[in-house]
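**Student:** Below: one structure in structure tokens.
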Amino acid sequence: MTTLVVAEQQNGTLNPTTWETVALAKGIGHPVTVVVLGADIETVADELVKANVDEVLVVEDSALEFYTADGFSMALEQVIRAEDPTLVLLSHTYQARDFAPALGARLGRTLLTDCTKVEVRDGVLIFTRPMFQGKMMADVRLTGPNPHLVTFQIGAAKVDNIDLGVSSAVRRSLGVTLATDQIRQRPELPFRETKQAVDLSQAERIVAVGRGIKSEEHLDLIRKFAVAMDAELAASRPICDAGWLPMDRQVGSSGQTVAPTLYFALGISGAIQHVVGMKGARTIVAINKDPDAPVFEIADYGIVGDLFEVVPAMIKALGE
Amino acid sequence: MNIIVCIKQVITREWLVRVDEAQTWIRDQDASFEMNEPDAYALEAALRLKEQHGGEIIVCSAGPVRARQVILEALARGADRGIHVVSDDIPKAGAEVVAEALANAICEEPCDLVLTGLQSNDQGFAQTGVILATRLGMPHATIIMDVQFDEGKLRVKRELEGGLFQWVALPVPALLTIQSGINQLRYATLKGIVAAKKKPIRTVDTEMPDIFGHEIVKIYTPEKSKQTHFVDGTPASAAVELIRLLRQDARVL
């Protein structure tokens with residue numbers, strides 16, 4: 001019984017979420033093999049073999065130099081058929097979301113995504129994942145034959161220091177057969193759209209606004225409050241989708257992850273996509289008229305009330 | 001260009017979800033339902049492509065009888081015809097089962113594109129679209145923020161992490177999962193709602209495929225990771241007290 005961890009790397013740099021997946025794999029208790037795909041990934045392999053894992057599989061192929069869904073799902077299908085692991089773990093990154101379901105479908109195996117925890121209960125692996133945008137959690141057991149594939153939410157494991165091995169892990173190269181004409185995606189190089197005007201990850205204080213603001217005109221009130229607080233303005237995704245604030249003000253799984261000293265969530269329900277981006281804030285204040293809003297689960301201070309009344313009152317209180 | 005849009009009916013965002021008696025699902029008998037918002041963005045993307053290139057939009061939804069409502073809504077917004085795979089098992093089903101049901105319903109329909117939202121707001125697997133693509137033998141791309149179709153060539157803009165984007169070319173037919181914010185949603189006009197009633201909806205009664213997947217052992221409200229200090233009173237007094245707490249208690253001001 002082995003657990004296969006699929007590492008993620010970009011341009012020869014290991015994505016640190018890989019270490020979270022390794023930690024989760026170690027927690028399950030079976031021997032851990034880490035597989036890394038790409039071309040020219042020696043430095044990534046060098047880093048991986050230092051970790052406290054049993055084996056590092058290096059799959060190098062010119063067809064894998066740039067990520068494609070077809071290339072990666074076909075290569076990993078071959079790796080998994082050859083190595084026969086019990087469990088395959090990945091981090092729930094944009095890349096994994098792009099290829100892992102195709103990989104599961106090609107193998108005819110179950111994939112469970114976006115898990116926050118794994119535990120052994122009565123000899124069975126139980127995975128926990130959010131549902132209904134974080135309003136509920138579900139404990140899930142996987143059915144059907146091995147291997148099972150699982151992705152874990154970014155931040156599911158806290159890794160402050162990489163667990164290093166006493167000696168180097170076994171390192172093995174594995175070849176795959178990929179005909180480039182079977183890879184249907186033709187990617188261009190990634191690019192940044194506009195210069196990122198604000199780096200929210202560096203902000204000490206953030207005032208974030210959500211759908212509760214109802215319309216673009218009301219943002220002026222929030223801007224005034226942010227100024228009074230000496231804080232950066234941020235928003236949940238729907239506000240940016242509507243074009244009321246630029247995308248670089250977005251906090252959440254598809255925006256920035258922040259960890260300020262003080263975070264105000266105004267008219268934000270606390271859907272999981274937002275919470276994952278700000279739950280690391282030291283002090284969280286939530287104002288929402290819905291007492292059942294999930295945001296109150298992670299708030300240190302809360303006011304159940306109308307933000308259109310509370311925020312002006314706070315601006316006034318700060319002025320005094 | 002012919003486009004198939006797969007849309008799911010989900011419980012409304014505002015609905016107060018409560019665990020059912022068995023504690024393996026939620027109570028949804030009298031709940032309010034709506035079109036899954038990411039799928040609404042996929043529909044809007046299809047409507048805009050149709051405006052540019054002509055063609056037909058088929059909307060497909062798998063779900064109980066009540067899911068017909070989201071098909072009607074899509075027709076009211078401008079889709080041309082609908083396919084309803086009727087099944088009470090869909091809401092709780094795994095992505096593999098839903099993808100199989102959708103695949104069986106649409107595999108005979110010629111198309112250039114299949115669009116879905118990137119994930120559903122109920123189970124949130126973010127898998128059904130990609131599994132469907134594999135099942136249909138189509139290439140796919142996910143979390144798409146722009147679709148360009150020029151002289152039979154498809155080029156799409158993937159959203160990546162960290163504010164990055166990437167254009168990818170794909171042959172057609174292809175499946176795309178669409179990210180929210182790709183466009184601004186339109187809502188049905190009265191004229192559209194009336195017209196929708198005359199548009200054809202093909203019903204597919206199907207037995208759910210017996211595909212293994214996963215089993216929910218228990219559903220529960222999340223454990224609170226911290227004790228929230230609620231500040232009561234009028235907005236004015238609560239505001240004053242909150243500022244005081246942040247200054248003196250939390251010492252963050």
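**Student:** Sticking with the crude label model, points 7 Å out along Cα→Cβ, report the distance from residue B:221 to residue A:159 in nm, one decimal please.
**Tutor:** The modelled label-to-label distance comes out at 3.5 nm.
**Student:** Once you sort the root eigenvalues of the Cα gyration tensor of region B:2-205 as a ≥ b ≥ c, which label holds: rounded (a/c under 1.5), prolate (a/b larger than b/c) or oblate (the other case)? Show your work: numbers first, answer last.
**Tutor:** Working: a/c = 1.55, a/b = 1.29, b/c = 1.20.
In terms of gyration-tensor shape, prolate.
**Student:** Search the structure for amide H atoms under 5 Å from the amide H of residue A:113, placed 1.01 Å from N in the peptide plane, and list their residues when 5 or more places away or on another chain.
**Tutor:** A:151
**Student:** Distance between Cα centroids, region A:175-206 to region A:297-320: provide it in whole Å.
**Tutor:** Cα centroid of region A:175-206 versus Cα centroid of region A:297-320: 38 Å apart.
**Student:** Further question: Non-local amide H neighbours of residue A:8 (under 5 Å, H modeled in plane, Pro and chain starts lacking H): which ones?
**Tutor:** Placed amide hydrogens put A:15, A:18 under 5 Å from residue A:8.
**Student:** Continuing with this model, one more query. Which distance in Å, rounded to a whole number, links the C-alpha centroids of region B:177-211 and region B:34-95?
**Tutor:** The two parts, judged by their Cα centres, are 2 Å apart.
**Student:** Provide A:92, A:218, B:229, B:214 in ascending order of the number of other Cβ atoms located within 10 Å of each residue's Cβ, fewest first. Before the final figure, lay out the partial values.
**Tutor:** Details: A:92 25, A:218 17, B:229 14, B:214 22.
Starting with the residue having the fewest Cβ neighbours, the order is B:229, A:218, B:214, A:92.
**Student:** Can you work out ³J(HN,Hα) from phi for every residue in region A:52-59, in order, using Karplus 6.51 cos²θ - 1.76 cosθ + 1.60 and θ = phi - 60°, giving whole Hz and x for Gly and Pro?
**Tutor:** 7, 10, 7, 8, 10, 9, 10, 10
**Student:** Trypsin sites (Lys or Arg not before Pro), restricted to region A:112-190: which are DSSP loop and have at most 10 other Cβ atoms within 10 Å? Numbers along the way, then the final one.
**Tutor:** Working: sites: A:117, A:121, A:135, A:141, A:158, A:171, A:172, A:184; in loops: A:135, A:158, A:184.
For trypsin sites (Lys or Arg not before Pro) across region A:112-190 that sit outside H, G, I, E and B with at most 10 neighbouring Cβ atoms in 10 Å, the list reads A:158.
**Student:** A follow-up question, please. What is the dipole size for the protein assembly as shown, taken about its Cα centre, with +1 at each Lys and Arg Cβ and -1 at each Asp and Glu Cβ, in debye to the nearest 20? Could you put the intermediate results ahead of the total?
**Tutor:** Details: 57 positive and 75 negative charges, 209 e Å.
Dipole of the protein assembly as shown, to the nearest 20 debye: 1000 debye.
**Student:** Just from its helices, what would the mean residue ellipticity at 222 nm be for chain B, if runs of 4 or more DSSP H residues each count -39500 (n - 2.57) and the sum is divided by every residue, rounded to the nearest 500 deg cm²/dmol?
**Tutor:** Working: 6 runs with 65 residues, N = 253.
Roughly -7500 deg cm²/dmol at 222 nm, from the helical runs in chain B.
**Student:** What is the order of B:177, A:283, fewest Cβ neighbours within 10 Å to most?
**Tutor:** Working: B:177 30, A:283 20.
So the ranking, lowest neighbour count to highest, is A:283, B:177.
**Student:** Antiparallel versus total DSSP beta bridges in chain B: what percent is that, nearest 5? Write down the numbers at each step before the final one.
**Tutor:** Values: 16 of 43 bridges.
Around 35 percent of the beta bridges assigned by DSSP in chain B are antiparallel ones.
**Student:** Shifting gears a bit: Under the Karplus relation 6.51 cos²θ - 1.76 cosθ + 1.60, θ = phi - 60°, what is the ordered set of whole-Hz ³J(HN,Hα) values for region B:98-114, x standing for Gly and Pro?
**Tutor:** For region B:98-114, the Karplus curve yields 5, 4, 5, 4, 5, 4, 4, 6, 10, 4, 8, 8, x, 7, 9, 9, 10 Hz.
**Student:** Give me the angle, in degrees from 0 to 90, between the Cα long axis of helix A:219-229 and the longest principal axis of the Cα atoms of chain A, rounded to the nearest 10.
**Tutor:** 90 degrees
**Student:** Ok, one more. So how strong a dipole does chain A carry about its Cα centre when Lys and Arg Cβ are +1 and Asp and Glu Cβ are -1, to the nearest 20 debye? Write down the numbers at each step before the final one.
**Tutor:** Values: 29 positive and 41 negative charges, 123 e Å.
Dipole magnitude for chain A comes out near 600 debye.
**Student:** Under a 5 Å amide H to amide H cut-off, with H placed in plane at 1.01 Å, what residues pair with residue B:26 once short-range neighbours are removed?
**Tutor:** B:20
**Student:** Which ³J(HN,Hα) values, rounded to whole Hz and listed in residue order, are derived for region A:21-31 from phi using the Karplus coefficients 6.51, -1.76 and 1.60 in 6.51 cos²θ - 1.76 cosθ + 1.60 with θ = phi - 60°, glycine and proline given as x?
**Tutor:** Each residue's phi maps through the Karplus curve to give 5, 4, 4, 5, 5, 4, x, 6, x, 7, x Hz.
**Student:** Further question: Please report A:194, A:143 as a ranked list, fewest other C-beta atoms within 10 angstrom at the top and most at the bottom.
**Tutor:** A:194, A:143
**Student:** Choose one of A:13, A:251, A:318: the residue whose Cα lies farthest towards the positive end of the charge dipole of chain A (beta-carbon charges +1 Lys, Arg; -1 Asp, Glu; about the Cα centre).
**Tutor:** A:318
Every number in this text was worked out from the coordinates using simple rules, so none of it is lab data. Only a predicted model underlies this, so the values are computations on that prediction, with no experimental measurement involved. Note that each Cβ is placed from the backbone with ideal geometry, even for glycine, and that neighbours are counted across all protein chains shown.
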